[in-house]
1. Out of everything in segment 88-109 that is within 24 Å of Thr154 (Cα to Cα) and either in contact with a His (Cβ under 7 Å, 6 or more places away or on another chain) or not hydrophobic (A, V, I, L, M, F, W, C) (or both), what residue ends up being surrounded by the fewest Cβ atoms within 10 Å (Cβ to Cβ)?
2. Just checking, does segment 65-87 include any residue being at pLDDT below 95, surrounded by fewer than 22 Cβ atoms within 10 Å (Cβ to Cβ) and in contact with a strand residue (DSSP E or B) (Cβ under 7 Å, 6 or more places away or on another chain)?
3. Kindly check whether there is at least one residue in segment 110-126 that is under 22 Å from Ser86 (Cα atoms), of a type in the set (Phe, Trp, Tyr), surrounded by 22 or more Cβ atoms within 10 Å (Cβ to Cβ) and at pLDDT 95 or above.
4. Considering each of Asp195, Asp172 in turn, give the residue that is charged (D, E, K, R), farther than 30 Å from Ala258 by Cα and modelled with pLDDT under 95.
5. Anything in segment 252-286 that is among the hydrophobic types (A, V, I, L, M, F, W, C) and surrounded by fewer than 21 Cβ atoms within 10 Å (Cβ to Cβ)? List them, or say none.
6. Does any residue of segment 122-137 turn out to be under 22 Å from Met219 (Cβ atoms), more than 16 Å from the chain's Cα centre (by Cα) and assigned to a loop (DSSP other than H, G, I, E, B)?
7. Are there strands (runs of 3 or more DSSP E) fully within segment 205-310 with at least 1 residues that are of a type in the set (A, V, I, L, M, F, W, C)? List them.
8. Only one of these conditions is not met by Arg152: (1) surrounded by fewer than 16 Cβ atoms within 10 Å (Cβ to Cβ); (2) modelled with pLDDT under 95; (3) more than 22 Å from Leu200 (Cα to Cα); (4) not hydrophobic (A, V, I, L, M, F, W, C). Which number is it?
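The values are calculated or read from the model by the stated rules, or taken from the named source; none is laboratory data. As the structure is a prediction and not an experimental result, all values here were calculated from the model. FYI the Cβ positions are ideal-geometry reconstructions off the backbone, even for glycines, and counts take in every protein chain you see.
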Amino acid sequence: MFSASSRRRLGLVFLLCLPAAARAEPPLFRLASFNVENYLEAPSGTRRAKSPAAQAKVCDCILAMKPDVIALQEMGATNALLDLQSNLKSSGLDLPFWDEITGNDTNIHLAVLSRFPIVGRRPHTNENFLLDGRRLVVSRGFAEVDIQVNPRYTFTLIAAHLKSRLPSAMADEEEWRYEEAAALRRVIEARFALDPAQNLAVVGDFNDVQDSKPIRTIMGRGTTRLFDTRPAERNGDAASSAEGGREPRRITWTDYYAKDDVYSRIDYILLGRGLQSRWLKDETYILTTPNWGLASDHRPLVAGFAVPAP
């Protein structure tokens, strides 16, 4: 029998040996992204430990979405991730496969929990760039995993958490974030170079708004331009269109930035055209729940996808 470490790192999983919950094929699968705001079991650096009540609220939010795969930002040490995984399982959501990326920032990490086997992983922990004469490393790195939804269908997930909007003495935070976005786009282009139509999702907290230079860079151009799923609240509002061909007037903010008292959309689920063909608009939304701010300063988002027919 393979150990949990072997399953995670090598992807050596026989589908017939999976738990019944992992073998069953739903008519759709759900991919979520959630910045869980310092999900730490103990203080680390200047970051405080997350309270039990806040941890429980994070768990409740994830349970409400019922994701099959979820990318997490600001996750603490591996023990914190495994504790969250255990709490979800005890509440009925079994996500047995996992990966965690430790980048240059040793306090908070990227992580992935999945119902489906992770059959490939290509962590990016040494992406770097030159800024103002100084060589800098992408702080949180990038997660890149291949996930096997069923024997007929696999998709690649790239998850990121770009430089925050907090000023830094090392470099301008906007230029830093742009350079991280450019590094992320290079990773995306490397995947598209293998197959422009491959099943690719790029998700996470990109810490900038839709028309900013970093987001335009990540999106790309031409045949490898990513598609923005633009999740919105399910609050009963009609999806009324704005004038001038702009996006419909829906509530799409994902983050509250207390310093400026601003709500904005800085978390994304972006798709290559292969996965876009499976995207279900009606199964894509931002979770709205009472006391959402107890869990995080971000709201989670989820997108649904149709499982291919046999």
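1. Here the answer is Lys89.
2. Checked segment 65-87: no residue is at pLDDT below 95, surrounded by fewer than 22 Cβ atoms within 10 Å (Cβ to Cβ) and in contact with a strand residue (DSSP E or B) (Cβ under 7 Å, 6 or more places away or on another chain).
3. Our first condition is that a residue be under 22 Å from Ser86 (Cα atoms); within segment 110-126, this holds for 110-119.
Checking the rest, the ones that are also of a type in the set (Phe, Trp, Tyr) come to 116.
Next cut, surrounded by 22 or more Cβ atoms within 10 Å (Cβ to Cβ) only: 116.
If we keep only those that are at pLDDT 95 or above as well, we get 116.
Scanning segment 110-126, I find at least one residue that is under 22 Å from Ser86 (Cα atoms), of a type in the set (Phe, Trp, Tyr), surrounded by 22 or more Cβ atoms within 10 Å (Cβ to Cβ) and at pLDDT 95 or above, so the answer is yes.
4. Details: Asp172 fails: farther than 30 Å from Ala258 by Cα.
Only one candidate qualifies: Asp195.
5. Our first condition is that a residue be among the hydrophobic types (A, V, I, L, M, F, W, C); within segment 252-286, this holds for 253, 258, 262, 266, 269-271, 275, 279-280, 286.
Of everything in segment 252-286, those that are among the hydrophobic types (A, V, I, L, M, F, W, C) and surrounded by fewer than 21 Cβ atoms within 10 Å (Cβ to Cβ) turn out to be Trp253, Ala258, Val262, Trp279, Leu280.
6. Taking segment 122-137 first, the residues under 22 Å from Met219 (Cβ atoms) are 122, 124, 127, 129, 131.
This time we only want the ones that are more than 16 Å from the chain's Cα centre (by Cα), so: 127, 129, 131.
Restricting the remaining residues to those that are assigned to a loop (DSSP other than H, G, I, E, B) gives 127.
For segment 122-137, residues under 22 Å from Met219 (Cβ atoms), more than 16 Å from the chain's Cα centre (by Cα) and assigned to a loop (DSSP other than H, G, I, E, B): present.
7. Values: elements: 255-257, 262-264, 267-271, 279-286, 301-306.
So the answer is 262-264, 267-271, 279-286, 301-306.
8. All conditions pass for Arg152, except number (3).
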